[in-house]
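See below for the structure under consideration.
The values are calculated or read from the model by the stated rules, or taken from the named source; none is laboratory data. None of these values were measured; they are calculated from a predicted model. Cβ: placed from backbone, ideal geometry, glycine included. Neighbour counts: every protein chain shown.
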């Protein structure tokens with residue numbers, strides 16, 4: 001287990017801490033954690049069938065069950081409505097956000113399936129078909145990395161440009177009540 005995998009397995013992140021008064025920074029921090037999760041899923045896929053870290057698999061399953069949907073709800077219920085409200089009609093923000101919502105639903109469905117596999121690995125089980133399990137893990141983390149990159153490169157910079165100081169204060173309050 002490398003340092004990043006050990007940190008994730010123990011509930012820690014190697015990403016720097018973020019100020020709670022920078023709500024966009026909170027989303028950036030969560031994206032960093034989710035990229036670390038993808039790196040660990042890749043390590044699990046690479047280690048199949050014999051080199052499986054059971055503690056890491058348990059931590060990854062917990063992240064997929066809890067952190068992933070909570071992050072998506074924060075984006076969809078708090079950040080996206082603010083962006084939609086501040087965007088000009090010609091910016092097609094509504095179309096972008098609708099696509100991200102669809103991706104969230106797909107990712108969460110896929111994550112549910114992965115949790116069953118990770119739970120089995122965490123309990124010491126060996127996959128009947130390690131190639132298929134590796135393929136499933138890779139399909140998820142490759143797609144999710146693209147999703148995170150797009151949000152990081154397009155959505156969060158857009159939020160920094162469009163949201164007012166009042167929006168950011170309200171966003172900070174709403175995010176703090178969701179913890």
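Summary table below
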item: Test result for residue 130, surrounded by fewer than 14 Cβ atoms within 10 Å (Cβ to Cβ) and over 18 Å from residue 77 (Cα atoms); result: no
item: Only listed residue being modelled with pLDDT of 95 or more, more than 24 Å from residue 45 (Cβ to Cβ) and touching a helix residue (DSSP H, G or I) at 6+ places or on another chain (Cβ under 8 Å), chosen from 86, 73, 145, 161; result: 86
item: Test: residue in the stretch 21-36 that is surrounded by fewer than 19 Cβ atoms within 10 Å (Cβ to Cβ) and modelled with pLDDT under 95; result: yes
item: Number of the exception - residue 64 against (1) exposed (fewer than 14 other Cβ atoms within 10 Å of the Cβ); (2) more than 15 Å from residue 27 (Cβ to Cβ); (3) under 18 Å from the mean Cα position of the chain (by Cα); result: (1)
item: Some residue of the stretch 161-179 being under 18 Å from the mean Cα position of the chain (by Cα), within 23 Å of residue 61 (Cα to Cα) and not in a helix (DSSP H, G or I); result: yes
item: Filter result (assigned to a helix (DSSP H, G or I), closer than 15 Å to residue 47 by Cα, in contact with a helix residue (DSSP H, G or I) (Cβ under 6 Å, 6 or more places away or on another chain) and in contact (Cβ under 8 Å) with a residue 24 or more places away in the chain) within the stretch 91-140; result: 118, 121, 122, 133, 134, 137, 138
item: Any chance residue 88 is without any contact (Cβ under 8 Å) to a residue 24 or more places away in the chain and within 21 Å of residue 22 (Cα to Cα); result: no
item: Cβ pairs under 9 Å, 6+ apart, first in the stretch 20-36 and within 24 Å of residue 164 (Cα to Cα), second modelled with pLDDT of 95 or more and part of a loop (DSSP other than H, G, I, E, B); result: 23/163; 24/163
